[in-house]
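Shown next, in structure tokens, is the structure this report addresses.
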Amino acid sequence: MKKIFFYSFFILVLAFIFTSYELIKYSDDKLHLIICDVGQGEAIFIVTPEKSQILIDGGPGKAVLECLGENMPFWDRSIDMVILTHPHADHYAGLIDVVDRYGLKSFYTQDVKSDSDGYKLLEAKLAERNLSAKYLKEGDNFKLKSGMELEILSPSLFELKKYNQSSAYMDVNESSIVSLLSYGNFSALLTGDAEMSVINKLNFGVKNIKVLKIPHHGSSGAVTEEFLSKISPDLSLISVGEGNKFGHPSKDTISLLNKYKIINLRTDINGEIELITNGKDLEIESENR
């Protein structure tokens with residue numbers, strides 16, 4: 001009996017310590033922006049100062065689940081908001097596993113459909129949970145009590161209409177959701193796979209963009225000199241798979257970032273990347289520094 005009591009007490013103590021650690025870890029009242037290491041694809045996880053959770057894209061498979069498991073309390077099985085930037089498998093396929101594992105409170109995307117079997121499966125999974133997609137467009141805005149703001153910059157209604165009328169001749173990347181995440185003096189431009197022809201037209205207002213998530217995994221033409229000189233970010237991030245068959249990121253994209261002395265972090269080299277800010281100071285953590 002004494003041994004059973006001792007072991008039970010020991011397990012309770014360990015559980016208390018572990019739970020206390022988790023509570024401290026996830027209660028810092030800061031904004032966390034995490035570029036998940038999902039291979040050749042993209043998934044971005046945001047934890048707001050209020051501890052709301054936003055997942056933008058889900059990558060190409062189950063790797064997103066590991067990212068969520070490492071960055072959410074072990075008891076948490078719900079996500080406040082999921083945003084799919086566009087219906088390409090390297091952005092949506094992992095969301096099928098997310099829907100199976102977590103309860104989603106809301107699901108957003110742009111008003112562009114896909115006929116692929118994978119996308120239809122995602123829609124079916126959402127329907128099983130009585131979730132239907134809400135469509136985002138330029139001008140939509142999510143603002144929290146802390147002052148954190150997620151502003152949708154693209155696609156415009158014009159771009160969506162143009163795509164839906166002539167989708168056979170247009171790249172769905174042109175309708176990718178682009179958003180601006182702001183908190184205090186911190187701001188990050190999250191570009192999905194948007195084409196530079198679209199991004200160059202966007203109005204960033206007076207906000208000084210500190211962080212640029214490079215579009216389309218750093219492919220050739222993902223950024224231009226005109227664009228980099230216009231926004232002058234301090235840090236750039238690339239979500240990309242090691243040794244991918246596309247040759248991402250391209251040498252010309254990396255050369256441009258180096259030319260403008262922009263610090264670059266990429267998941268194929270740095271692993272998962274986490275930015276933590278109180279709206280003034282910025283901490284950067286990665287698996288492989």
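Taken over the stretch 225-262, the criterion of being among the polar types (S, T, N, Q), at pLDDT 95 or above and under 22 Å from the mean Cα position of the chain (by Cα) is satisfied by Ser236, Ser239, Asn244, Ser250, Thr253.
Tell me which strands (runs of 3 or more DSSP E) are completely within the stretch 34-113 and hold 2 or more residues being among the aromatic types (Phe, Trp, Tyr) and closer than 22 Å to Glu128 by Cβ, or say none if there are none.
Working: elements: 44-47, 53-56, 81-83, 107-109.
Here the list reads 107-109.
In the list Val223, Val240, which residue meets the criterion of being in contact with a helix residue (DSSP H, G or I) (Cβ under 7 Å, 6 or more places away or on another chain) and closer than 20 Å to Leu153 by Cβ? Show your work before the answer.
On the way: Val240 fails: closer than 20 Å to Leu153 by Cβ.
One residue alone meets the criteria, Val223.
Residues in the stretch 222-251 that are over 20 Å from Ile34 (Cα atoms) and hydrophobic (A, V, I, L, M, F, W, C): Ala222, Val223, Phe227, Leu228, Ile231, Phe246. The condition of being modelled with pLDDT of 95 or more, more than 22 Å from the chain's Cα centre (by Cα) and either at negative phi or surrounded by fewer than 16 Cβ atoms within 10 Å (Cβ to Cβ) (or both) holds for only one of Glu128, Glu151, that being Glu128. Could you say whether any residue in the stretch 16-33 is in a helix (DSSP H, G or I), hydroxyl-bearing (Ser, Thr, Tyr) and either at positive phi or modelled with pLDDT of 90 or more (or both)? There is no residue in the stretch 16-33 that is in a helix (DSSP H, G or I), hydroxyl-bearing (Ser, Thr, Tyr) and either at positive phi or modelled with pLDDT of 90 or more (or both). Somewhere in the stretch 206-216, is a residue surrounded by 14 or more Cβ atoms within 10 Å (Cβ to Cβ) and within 20 Å of Ala63 (Cα to Cα)? Looking for residues that are surrounded by 14 or more Cβ atoms within 10 Å (Cβ to Cβ) and within 20 Å of Ala63 (Cα to Cα), one finds at least one in the stretch 206-216, hence yes.
The values are calculated or read from the model by the stated rules, or taken from the named source; none is laboratory data. Nothing here was measured: the structure is a model prediction, and the numbers come from that model. We place every Cβ from the backbone using ideal geometry, glycine too, and count neighbours over all the protein chains shown.
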